[in-house]
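What follows draws every value from the coordinates through simple rules; no lab data is involved. Just so you know, these numbers come straight off a predicted model, no measurement behind them. In this analysis, Cβ positions are derived from the backbone assuming ideal geometry, glycine residues included, and neighbour counts consider all displayed protein chains.
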Amino acid sequence: EVQLQQSGAELVKPGASVKLSCKTSGYTFSNYYMSWLKQMPGQNIEWIGNIFGGNGGTGYNQKFKGKATLTVDKSSSTAYMDLSSLTSEDSAVYFCARQGRSSYPFAYWGQGTLVTVSS
Amino acid sequence: DVQMTQSLSYLAASPGESVSISCKASKSISNYLAWYQQKPGEAYKFLIYSGSTLQSGTPSRFSGSGSGTDFTLTIRSLEPEDCGLYYCQQYYEKPFTFGSGTKLEIK
């Protein structure tokens with residue numbers, strides 16, 4: 001069974017950074033892409049970017065370049081997303097979601113991680 | 001970016017009825033359209049891809065149609081567990097974009 005287990009909720013101060021994780025199981029991590037998505041309360045879901053589990057190759061939504069950095073650790077089948085220079089606009093639920101190829105739909109999703117940016 | 005519009009934000013229907021949820025793209029996306037369901041406390045569920053192909057495990061009462069710019073998700077013989085939020089998403093080009101969602105309530 002494919003599972004994507006995301007890290008717990010984060011409360012971070014403005015200007016700080018946070019690293020979210022998405023630990024996977026039930027499939028060969030290096031054969032698939034992992035996307036990250038953002039959903040602010042009452043807002044549309046936004047695609048941040050994706051990363052290939054095999055070689056760490058990335059593609060980003062221009063809007064999130066400089067804000068998000070995607071990495072993977074193949075040894076633990078885990079994907080990570082670093083968010084930097086956080087502001088209130090970064091307060092949202094962040095999801096990881098698996099794709100079969102870089103431009104395929106999101107077949108499996110994590111449960112989401114709530115990030116709250118507040119002093 | 002391709003804008004995806006779900007004009008209906010809320011829909012209510014009774015068990016056994018049928019409903020249709022529409023989704024419109026700001027440009028032609030061929031059939032690169034997926035549908036998802038979100039229920040509180042649960043992960044998003046992938047329902048349909050290529051506009052009309054049911055993902056494995058999606059009940060046959062769900063169907064999708066459309067191509068180009070106009071798409072529809074139809075749910076026949078509604079069941080109580082069909083309540084939730086439904087989103088369309090285009091994967092024709094990056095950045096991938098989503099509709100704003102349609103909340104389905106089962107009376």
Within 10 Å of each Cβ in B:84-92, how many Cβ atoms from other chains are there, averaged over the peptide? 2
Which of A:Leu11, B:Leu73 comes first, and how do the rest follow, when ranked by fewest Cβ neighbours within 10 Å? A:Leu11, B:Leu73
GNM, chain A, Cα, under 10 Å: largest mean-square fluctuation among A:Ala68, A:Ala107, A:Ala97? A:Ala107
Which of A:Gly57, A:Gly49, A:Gly26 fluctuates most in a GNM of chain A (C-alpha springs under 10 Å)? That residue is A:Gly26
Calculate the mean, over all residues of peptide A:99-109, of how many other protein chain Cβ atoms lie within 10 angstrom of the residue's Cβ. 5
Over the whole of B:31-38, what's the average partner chain Cβ count within 10 Å per residue? Rounded to a whole number, please. 2
Each label point is 7 Å from the Cα along the Cα-to-Cβ direction; what then is the distance between the points at B:Ser65 and A:Met40, in nm? 3.7 nm
Nearest-0.05 FRET efficiency for B:Glu105 and A:Glu1, computed from C-beta distance (R0 35 Å): 0.70
Dipole of the protein assembly as shown, Cα-centred, from +1 at each Lys and Arg C-beta and -1 at each Asp and Glu C-beta, to the nearest 20 debye? 340 debye
When A:Lys23, A:Lys13 are ranked with the fewest other C-beta atoms within 10 Å first, the list becomes A:Lys13, A:Lys23
Chain A, Gaussian network, Cα under 10 Å: of A:Gln99, A:Gln39, A:Gln62, the residue fluctuating most is A:Gln62
Using only the Cα atoms of the protein assembly as shown, build the gyration tensor, take square roots of its eigenvalues as a ≥ b ≥ c, and label the shape rounded, prolate or oblate: rounded if a/c is under 1.5, else prolate if a/b is larger than b/c, else oblate. prolate
Got a sec? Which residues in the range A:35-49 would a label at B:Thr53 touch, if it sits 7 Å along Cα→Cβ and we count backbone N under 13 Å? none
Which value, in debye to the nearest 20, gives the size of the charge dipole of chain A about its Cα centre, when Lys and Arg are +1 and Asp and Glu are -1 at the Cβ? 200 debye
